[in-house]
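Report on the following structure.
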Amino acid sequence: MPMTIFVLPISMLLFFVLFFGIGFILNMLLRMSWVMAIIYPIIAILIIDKVRFIEYFQNTGESLSSLGHEFSQLATADVLILSSGLAGAILAGVVIKILRKKGYQMF
């Protein structure tokens, strides 16, 4: 399905807000500022690749080869959407750091 010019910014905004929110909540609960920024690449790989997660441990070479092929086949719109999700996860860590520095204690 081709992505229209209206769908791309909305998708980017949704991924940004989704991963900012999830990252913010995880950072508050786990008290680790960068937990979502560390977890996000795993989530992105699960979104991109069609290989089961256990296959990375059983057939490592073939799974990583498949992952490299899938990364090379990503469209520009997909890269932009996934990048906005990563930006949201990183910004959640930055905001938590700033809030803790200013004296706010979350849980």
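The values are calculated or read from the model by the stated rules, or taken from the named source; none is laboratory data. Given the structure is predicted, the values throughout are model-derived calculations rather than measurements. Please note: Cβ atoms are built from the backbone with ideal geometry, for glycine as well, and neighbour counts cover all protein chains shown.
Things to note:
- Long-range neighbours under 6 Å by Cβ, at least six apart or interchain, first residue over 16 Å from Gly93 (Cβ atoms) within region 34-53, second among the hydrophobic types (A, V, I, L, M, F, W, C): Ala44/Leu82; Asp49/Leu67
- Apart from one condition, Ile38 fits all of (1) closer than 19 Å to Asp78 by Cα; (2) surrounded by fewer than 16 Cβ atoms within 10 Å (Cβ to Cβ); the exception is (1).
- Single match in Arg52, Arg100 (criterion: part of a helix (DSSP H, G or I), modelled with pLDDT under 90 and farther than 13 Å from Phe16 by Cα): Arg100
- Scope region 4-49; condition at pLDDT below 90 and among the hydroxyl-bearing types (Ser, Thr, Tyr); matching residues: Thr4, Ser33
- Qualifying residue in region 24-44 (condition: touching a Ser or Thr at 6+ places or on another chain (Cβ under 6 Å) and not polar (S, T, N, Q)): no
- Total residues in region 41-54, condition surrounded by 13 or more Cβ atoms within 10 Å (Cβ to Cβ) and either in contact with a His (Cβ under 6 Å, 6 or more places away or on another chain) or of a type in the set (Lys, Arg) (or both): 0
- Within region 55-97, the set of residues being surrounded by fewer than 11 Cβ atoms within 10 Å (Cβ to Cβ), assigned to a loop (DSSP other than H, G, I, E, B) and not hydrophobic (A, V, I, L, M, F, W, C) comprises just one member, Gln73.
- Selection within region 6-27 - hydrophobic (A, V, I, L, M, F, W, C), within 30 Å of Lys101 (Cβ to Cβ) and exposed (fewer than 15 other Cβ atoms within 10 Å of the Cβ): Leu13, Leu14, Val17, Leu18, Ile25
- Subset of region 3-25 that is touching a residue at least 60 places away in the same chain (Cβ under 8 Å) and of a type in the set (Phe, Trp, Tyr) - its residue that is farthest from Ser84 (Cα to Cα): Phe24
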